Structures are given as structure tokens and as C-alpha cells.
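Nothing in this text is a laboratory measurement; each read-out follows from the coordinates by a stated rule. In this text, all values refer to a predicted model and were calculated from it rather than measured experimentally. Cβ sites come from the backbone with ideal geometry, for glycine too, and all protein chains shown count toward neighbours.
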Amino acid sequence: MTEAGVRVLLVVSVLSPVVGAFVLGRDRVQARQSALATTLFTLFLCLLVIAAYPPGAKEFARLSLPWAPGVSAEQSLPMVSFSLALDGLSLWLYGLTALLGVVGVLISWEAIREEAARFYRCWLLLETGMLGVFLAQDILLFYVFFEFTLVPLFVLIGVWGSEQRQYAAMKFFLFTLAGSVLTFLGLLAIVLWVYQQTDRLTFSIPDLTDYLQNLHGGDRMPLGLQLVIFWALFAGFAIKVPLFPLHTWLPLAHVEAPAAGSVVLAGVLLKVGGYGFLRFNIPMLPEATAVSAPYLLILSVAGIVYGALVALAQKDIKRLIAYSSISHLGFCMMGIFALNRSGGQGGVLQMLNHGLSTGALFALVGMMYERYHTRQMADLGGLARRLPWLAFFMVLASLASIGLPGLNGFVGEFLALWGMFHRAWADAPAEWSGVYRVLSVAALSGVVLGAWYMLWMVERVFFGPLREPSAHTGTGEAGKPSSAEEPSSARSGQEQRLHTPCDEEPSVRPIDHGFSSGHASETVGLEGEGAGLGGAGGVEDLCWREIAALAPLGLLMLWIGVYPKFFLDRIRPTVEELSAPAAKLVRNDSADVQSHTPGGLAAFRSWESLPRRLLSVNEAEAAAEKQPFCLFGVPGAISRKPVGSGWLTRGRDVVVYVGECDRAND
């Protein structure tokens, strides 16, 4: 397939969900069938594009259509373009979005009964927004898609969520909107600074990145301004991840969202934060990244440990998985801000891994809730006897989540940890070496705690004596209703469904208000006779539709675990290119650091801690002719000028020469 043909497929794949949203009928059956057909068509297009992507490419199938003209007659290039492209950073997130779009429709097939057409319209609009975020190559286009994802998910949580759905939806919306406004101001600051330097106003992400990365010495953006912009961008992206301590909106949003909403929130939307850091902060603001990286690593490791400890204390399965997301995404951010090859690749791969395994876990919790209407671990036990297929997929997703070798989670976590350990023990900045080493060891606790809470949950819910809730509404340990989402029939208090999720029309009976004792009934044996709702005819195992939703996720978990090279070969070139300037600045090499530092070495670390020769300007020039690329510090200050094969630049209180040299003589 030609690249021109791939460009067409790229545009159609982004626009097909929004077109499908407008042609859905009002009837529930037709709406869900149309939504499934649309998402399958979109997934098919995405697979064709991914199959055509050449390994080792840094950018592929870029399409740019003028959207707004230049600001002056002299500026022939457009100011804003409808520009889309794929690269190694966006490729797998693009495919993951399309896959989870299909999964969301399948797991909502029977769960969504009220205003189904409206639900699927929101779902398809959300899919378009998510696809566009990862493909946009223009800052304004990126921000349009970035904000566009908020509204459909806000509606999904607020209308089809659980008891506290409106509060959860509002909290989600306010957190993300507040952060995104600051992010937009930071992006505008980058655009305006480049405009001030070049007299050309452009919002092109590749053009801005290339310009900012190719500046040298005093021409680069001042460090102070970089830091202001970096932390403005941080506000929006850190909330999206979410990084500790900006995570407080996430557990409630997960718990109150419908199953499909939790799947797409964990699987895709949380990745927008890490994507933003790699797309904007790290390549466009390398000095600010080098200065801020230690603090980001501290927050990342704090999130790993905090999320794992809080997950360990949960009794609600969905809330446990929500807090586990905070811990796992901490590994992603730790790998990214380790700023080396292994860490960057591991961080990006772990974003994909988390989308697969945690997306599957949330889908499975939704399937359990359809059958029992409780998510309390105290109400459930021995379900592997009743629901062997559900237990199989839950064990598979849990083992992938904790990083079992041979499954996807192991590869991503190993690379992220290896990158952090290499940075801490072999290549740490001198003043941060002790902190980095403590962080690298503390991050390992997340692996241990992750195995603890996930295996503990699996053991309690799926093994041991069969224990099922004695009433369909599900009650907690003290006989109070669980915090799980309630079906509309239960909220109305009129009728209750004996739910078999694979049936088109489940049977209905009046609620027996005297039936529940407020406790789960416990039976032992394969058939589980006398188990309330869980009688042999009351609950069915996964049907073909649910297996079809989970099987692709399980296969990808195995594929990445067994042969990660296929995925890493496509991630590596882009991630290395984007992180290279910042990675060189934090490398424990004085010449490499100084060659990328506009304000002199003193901007990052103590001059006295580095090897140096104090020479006059004339002596430095003479020595530079003989030993190019050596580092010389001289008292005073002069303007930047060429010397030999390098140049002298003005520092804060030293003048530094950068060029080629014989390191043996340095």
C-alpha cells in the first residue's frame, strides 16, 4: 500500500466514528449494532495502517491540509493546518484506542438498556476524540481533540454511572479542564516565543520541535521561561496521567463510571498525559526537563508506592484496580523521566501494557457486576467453579498486571526499572545520585505490593469455598448496600432482573425485600446448591460476545510478553529522537551537558564539582585549536563566537568552549 493510500485511511479512521454517531437510529438494538459495525470498521482501518507502518520510521503518512492562512502576505505557509501523522509514540496508542472501542461496545451490549442510542453516540464521539489526540500534528488541532474527549466521557459517567455518578463526573471535568487551560497557555507561550524569534507564526508540532531542538547556546529559550512553560504543561498532563498527588479524581471516576467508561478511561485517556510529556515537554523544553526530572521521578515513585498501598487496603474490586492504575502509571512516568533508552521504551510500552491488562480487568469487573450486582470481595468466593471462563481471563489479566514473565507487564516494568537503575547507579547527576538510588529501590516495592494485592483479590474471589451474594442487589459485609453501580430497575425499587448477560431479554421478577439477610451465602462444591442468586440456573459463564471482547486483549498480552521486539522496533526511533536533547543534558558528562546549555554549566550543577582548567580567553582559544571539543572555563564573559571547530559562549560567570577534543588529554 502506498503512503498516499495510508493517509486516506488515516483520515477515514479518525472521522468514521463521528460519522457513525450521526447515523445511529433511536432503537436500542439498531444503535448497538450500528455502533459495533462502526467500531469494527475503524479497527479494520487502523490495522491496515499499522500493518503498513515501516519499522524504524520516525514519522509516517503525514497529511497536512491548510486550516488557517498565515498572518501576513509574506508568510506563504499556513498558520494552522489539519495535520495528522503516525510515529512510534502514537502508533500503538492509536491501535489500542480502536481496539478498546470495539471492546466497549461488546461489554455494553446488555448492560446499557436506558437511552442506548445516546450512549453509543457518546461512545463513538469519544473514540474520534481519542484517535485525533494521538494523530494531531498541530497544536490547535491537538488541543481541540484533547478537550473534545472531556464532554463525551463526562456524559457517560454522569448519565450511566453509579450512585455518585454526577459528583464523579463533575469532579473529573473540573480537574481535567483546569489543568488543560494551563496546558494551553503553556503551548501558546511556546508558539509566541518561536514567532518572536522567527517572525513566523506556526502551530505545527514537528516544525516547533525541530526549531527548538536545533538552537544552540544563547539562541535557546531562557531556562527560566522554559521552567514556567514546563510546569504549565505539567498541570494538564500530570492530572491526566494522573501523577501523585493530582490523582484524587481518578478512583471515584473509575468506581462510578459504567464498565465501558472505566475501560476507555484506564486504557486510553490516562495515556494522554504521558503522551503529552513525551510530545511537548521533553523535546521542546530539554533544559527544563533536565532540571525538573528529579522531581518528576520523586512524584512517579511516590505514586507507585502510594497507589499500591492504598490498593492493598481496598474491599471493592473496582476501587482496587483503580488505585492499581495509579501505581502502574507511576512506572510509565518513571521510565519516561529516567531519560535513557531503556526507560523511555519501557515507559511507552508500559502505557500500552496497562491499557490492555487494566482495560481487561475493568471489563471483567463489569461482567461480574452484571451477574451479581456487587463488587465487594467479602460477598464473593470460589467463582472459578461457577464461572471458569471469567476466572481464566481474570487470572490472565491479573498475572499480566503484576508482571509475570512471559506476559506483557513483565517487559514494560523490567525496561522501566532497568532504565531507572541505570540512571541511579551508573549515570546519575552527582548531586542527585543518593536520591536516585533510594528511588530505584523504592520502586521495586511496587512490584512486590502489586503481586500481593492482585493475587490476594484473585484468591478471595475465585478460589476457596463457593460464596455468592444471597440477593441480587448485593450487600456489603455489614448488610449495607455496596457502593457498586445499581441498575435502573433496582434504583426504582419496582423490579429486579435475574440477569444472564448473554440473553437478549432476561427474565424479570418483583424484588423480594425479605429475601436478603444482608450476608453472602457460602456453599462448598462444584454445583453450589442453595446459593441464593448463584443457584445453578441463576448465573451463566461468559458468552461468545464477552469472550470475543476479551480474547484480543489476552492474545496481545501474550504476544508482547513473548516477542516484544515487534513493538519496540517501532517505538524506539521516535522516542529516542524526542528524548535525546534532554537525555544528553542529564548524562554525567560535563562536555555533553555544557554543549546543550545556554546559560553555562552553572545553570545545572556546581562548577566547582567538575574537572576544569582555568585559562585566559587567549589561552583557551590557543588550547582549543589543539584540543577541540574540550571544556574550558575562563573568568569573565564574552559573546558567543567561533573558535577553531567549536565556539565560545557566555556563561553565568564562566566562559565555556565546546568543540571536539581528545578526551585522554582532558
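Some observations on this one:
- In terms of its alpha-carbon gyration tensor, the stretch 297-372 comes out oblate; a/c meets the 1.5 threshold, while b/c is at least as large as a/b.
- Neighbourhood charge, 15 Å Cβ-Cβ cut-off, centred on Tyr120 and excluding it, Lys, Arg +1 and Asp, Glu -1: +1
- Within the stretch 179-219: backbone nitrogen closer than 11 Å to the Glu3 label point (7 Å, Cα to C-beta): none
- Neighbourhood net charge (15 Å Cβ-Cβ; Lys/Arg +1, Asp/Glu -1) for Ala551: -1
- Pair Leu40, Val441: separation of 7 Å Cα→Cβ label points (nm): 5.5 nm
- Each peptide in 8-16, 316-324, 31-39 receives the mean, over its residues, of other Cβ atoms within 10 Å, and ordering these scores from highest gives 316-324, 31-39, 8-16.
- Gain on full extension, evaluated as 0.36 nm per residue between Leu15 and Tyr195 minus their Cα-Cα distance, stands at 61.6 nm.
- Positive-end ranking of Ala35, Leu63, Ser81 along the dipole of the stretch 1-114, with charges on Cβ about the Cα centre, is headed by Ala35.
- Counting charges near Phe60 (Lys, Arg +1; Asp, Glu -1) among other residues having Cβ under 12 Å from its Cβ returns a value of +1.
- Selection from Thr209, Leu188, Gly161 lying farthest towards where the dipole of the stretch 99-223 points positive, charges on Cβ: Gly161
- Extension gain for Asp27 to Lys565 (0.36 nm times residue separation, less C-alpha to C-alpha distance): 189.1 nm.
- Point-charge dipole on Cβ atoms (K/R +1, D/E -1) for the stretch 252-340, about Cα centre, debye to 20: 160 debye
- For the residue pairs Lys240/Lys318; Lys58/Lys171; Lys58/Lys240, the C-alpha atoms sit more than 31 angstrom apart in Lys58/Lys171.
- Applying 0.36 nm per residue to the separation of Ala52 and Tyr167 and subtracting their alpha-carbon distance, the gain on full extension is 37.0 nm.
- Gyration tensor verdict on the stretch 237-315 (Cα atoms; rounded if a/c is under 1.5, prolate if a/b is larger than b/c, oblate otherwise): oblate
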